[in-house]
Amino acid sequence: MFEQLGLIGCGLMGGSFALALKRAKLVKRVVGYSKSPSTTERARQLGVIDVAAPSALLAVSGADIVLLAVPVAASEATFKAIRHGISADTLVMDVGSTKGDVIEAARNGLQKQFASFVPAHPIAGKEVSGIEHAEASLFTGRQVVLTPVKTTLRSNVQRASQVWSGIGANVVTMTHEEHDAAFAAVSHLPHLLAFAYTNALIGQPQGDRFLSLAGPGFRDFSRIAASDPVMWRDVLLANREQVLQQSQAFRKALDDLETLMTAGDLQGLEQSIAAASKARAAWRPNSSTDALAQQDS
Ligand code: NAP
């Protein structure tokens with residue numbers, strides 16, 4: 001049981017974490033701070049936080065657990081702002097969709113307190129953002145990836161693991177390199193493609209007409225194009241090396257398919273589609289994947 005959660009970023013993820021901790025009776029009090037005072041106040045009105053703090057530093061003062069749930073590009077400034085409120089006993093975590101950049105931000109921002117920081121990425125979310133959509137069960141049955149580094153306090157890794165398990169998540173641990181490479185392939189590239197495809201569609205003179213005729217294929221392929229622009233701008237830039245590498249592999253696969261089509265290569269085209277179809281049919285969702293309801297960012 002924690003005495004006080006210091007929550008920076010009272011949005012979908014941060015709000016859901018606070019509600020989950022409260023529901024599991026893992027925290028006595030939540031003190032929150034968000035960039036806009038109106039967001040912090042709304043979080044208080046909704047009962048997600050108990051006290052609205054006027055600054056990030058004041059939100060973490062006296063907290064034994066701290067969660068950063070801000071866009072990843074805001075991480076370093078936020079770590080710097082809270083540094084003097086963090087003690088050796090504080091468990092500090094984030095929820096960012098990319099890990100290498102957030103770890104660097106924490107190293108620069110937290111300095112001597114860097115060892116207290118346990119990088120975390122819950123594989124759960126929604127296309128909609130904001131405190132209004134926060135829910136206590138968001139992380140139930142979902143995976144949470146922890147990416148500690150050599151200097152991370154082992155005791156904090158253990159506490160982080162316990163707290164996520166305590167709210168019903170399944171904890172997996174890996175290096176941040178492995179995390180960023182894997183999520184570039186299975187999450188960040190699909191988002192990039194969904195944005196590109198949707199832009200290509202609406203950029204055509206008849207785009208609106210085509211869109212009005214769209215069915216399940218469009219719905220399934222483009223669902224994640226409705227995601228939050230700020231969050232995804234940050235994720236794509238933060239993990240750009242890995243995402244661009246995946247994008248090149250995708251471009252090659254697309255080129256290969258186009259070549260087969262141009263040549264009218266019936267057999268080649270069928271073989272290529274069959275390989276993809278077999279792989280997709282054999283894929284089994286892990287506990288973090290739940291058809292349409294959750295976003296795997
Ligand atoms: P969100 O609902 O938009 O919440 C973000 C919150 O951060 C907002 O309340 C915003 O406050 C606040 N904020 C922004 N800049 C800040 C700053 N400099 N200082 C303090 N507060 C600041 O977004 P979210 O979906 O919860 O995403 C938060 C993090 O979760 C991101 O790093 C994202 O990569 C990660 N994540 C998201 C998902 C997902 O599906 N959404 C999944 C996994 C991980 P204002 O309202 O005042 O602007």
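Looking at (1) closer than 22 Å to PHE2 by Cβ; (2) crowded, with 20+ Cβ neighbours inside 10 Å, can you tell me which one ILE123 breaks?
ILE123 satisfies every listed condition except (1).
Among (1) out of contact with any Phe, Trp or Tyr (no Cβ under 7 Å at 6 or more places or on another chain); (2) assigned to a helix (DSSP H, G or I); (3) over 25 Å from GLU177 (Cα atoms); (4) without any contact (Cβ under 8 Å) to a residue 40 or more places away in the chain, where does ALA225 come up short?
(1)
It is to be established whether one or more residues within segment 135-143 are within 11 Å of the ligand (Cβ to nearest atom), within 14 Å of ALA69 (Cβ to Cβ) and crowded, with 19+ Cβ neighbours inside 10 Å.
Within segment 135-143, one or more residues are within 11 Å of the ligand (Cβ to nearest atom), within 14 Å of ALA69 (Cβ to Cβ) and crowded, with 19+ Cβ neighbours inside 10 Å.
Quickly run through segment 77-88 and pick out the residues that are more than 6 Å from the ligand (Cβ to nearest atom) and of a type in the set (Val, Ile, Thr).
Within segment 77-88, ILE82, ILE86 qualify.
Which residue out of ALA200, ALA275, ALA253, ALA279 is of a type in the set (Gly, Ala, Ser), part of a helix (DSSP H, G or I) and under 29 Å from ASN170 (Cβ atoms)? Please lay out each step first, then the result.
On the way: ALA200 fails: under 29 Å from ASN170 (Cβ atoms); ALA275 fails: under 29 Å from ASN170 (Cβ atoms); ALA253 fails: under 29 Å from ASN170 (Cβ atoms).
Every option except ALA279 fails the conditions.
Yes/no matrix, rows are residues, columns are (1) outside the structural domain of ALA43 (by TED's automatic domain parsing); (2) of a type in the set (Asp, Glu); (3) without any contact (Cβ under 8 Å) to a residue 12 or more places away in the chain; (4) in contact with a helix residue (DSSP H, G or I) (Cβ under 6 Å, 6 or more places away or on another chain):
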{"site": "HIS121", "(1), (2), (3), (4)": "no, no, no, no"}
{"site": "SER137", "(1), (2), (3), (4)": "no, no, no, no"}
{"site": "VAL157", "(1), (2), (3), (4)": "no, no, no, no"}
{"site": "GLN162", "(1), (2), (3), (4)": "no, no, yes, no"}
{"site": "LEU189", "(1), (2), (3), (4)": "yes, no, no, yes"}
{"site": "THR198", "(1), (2), (3), (4)": "yes, no, no, yes"}
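Can you name every residue in segment 4-22 that is more than 6 Å from the ligand (Cβ to nearest atom), of a type in the set (A, V, I, L, M, F, W, C) and not in a helix (DSSP H, G or I)?
Matches in segment 4-22: LEU5, LEU7.
Among the numbered conditions (1) in a loop (DSSP other than H, G, I, E, B); (2) charged (D, E, K, R); (3) over 19 Å from MET231 (Cβ atoms), tell me where LYS126 comes up short.
The number of the failed condition is (3).
Within the set of pairs 6+ apart or on separate chains, which have a first residue in segment 10-28 that is not assigned by TED's automatic domain parsing to the domain that holds GLY168, a second that is of a type in the set (A, V, I, L, M, F, W, C), and C-beta atoms under 9 Å apart?
Short answer, once both residue conditions are applied: none.
Restricting the search to segment 238-263, which residues are under 14 Å from the mean Cα position of the chain (by Cα) and loosely packed, with under 15 Cβ neighbours inside 10 Å? Steps first, please.
Step one: of segment 238-263, the residues under 14 Å from the mean Cα position of the chain (by Cα) are 238-239.
Residues satisfying the conditions do not exist here.
How about segment 184-233: which of its residues are hydroxyl-bearing (Ser, Thr, Tyr) and surrounded by 13 or more Cβ atoms within 10 Å (Cβ to Cβ)? Spell out the reasoning first.
Applying the first criterion (hydroxyl-bearing (Ser, Thr, Tyr)) to segment 184-233 yields 187, 197-198, 212, 222, 227.
Answer for segment 184-233, where residues must be hydroxyl-bearing (Ser, Thr, Tyr) and surrounded by 13 or more Cβ atoms within 10 Å (Cβ to Cβ): SER187, TYR197, THR198, SER222, SER227.
Checking SER155 against (1) away from the ligand (no atom under 16 Å from the Cβ); (2) surrounded by 16 or more Cβ atoms within 10 Å (Cβ to Cβ): exactly one of these is not met. Which one?
(2)
Among the residues of segment 89-97, is any among the acidic types (Asp, Glu), within 13 Å of the ligand (Cβ to nearest atom) and assigned to a helix (DSSP H, G or I)?
First, the residues of segment 89-97 that are among the acidic types (Asp, Glu): 89, 94.
Now restrict to residues that are within 13 Å of the ligand (Cβ to nearest atom): 94.
Filter once more, keeping what is assigned to a helix (DSSP H, G or I): none.
The answer is no; no qualifying residue exists.
Can you tell me how many residues in segment 226-272 are touching an Asp or Glu at 6+ places or on another chain (Cβ under 8 Å) and aliphatic (A, V, I, L, M)?
2
Condition test on LEU211, is it over 18 Å from ALA184 (Cα atoms) and either modelled with pLDDT of 95 or more or away from the ligand (no atom under 16 Å from the Cβ) (or both)? Spell out how you get there, then give the answer.
Values: over 18 Å from ALA184 (Cα atoms): yes; either modelled with pLDDT of 95 or more or away from the ligand (no atom under 16 Å from the Cβ) (or both): yes.
The answer is yes for LEU211.
Need pairs with beta-carbon distance below 8 Å; first residue touching a residue at least 60 places away in the same chain (Cβ under 8 Å) and within segment 90-117, second of a type in the set (Phe, Trp, Tyr) and assigned to a helix (DSSP H, G or I); sequence gap 6+ or separate chains.
Going by the 8 Å Cβ cut-off, the qualifying pairs are VAL95/PHE17; SER97/PHE183; THR98/PHE183.
Pick from segment 37-76 the residues that are in a helix (DSSP H, G or I) and among the polar types (S, T, N, Q): which of them is farthest from the ligand (Cβ to nearest atom)? Don't jump to the end; show me each part of the working.
Residues of segment 37-76 that are in a helix (DSSP H, G or I), as a first pass: 37-45, 56-60, 72-76.
Now restrict to residues that are among the polar types (S, T, N, Q): 38-40, 45, 75.
On the way: SER38: 7, THR39: 3, THR40: 7, GLN45: 14, SER75: 8 Å.
The extreme case among them is GLN45.
The values are calculated or read from the model by the stated rules, or taken from the named source; none is laboratory data. A quick note: this is a predicted structure, and the numbers were derived from the prediction, not measured. Note: ideal-geometry Cβ built from the backbone for every residue, glycine included; neighbour counts use all protein chains shown.
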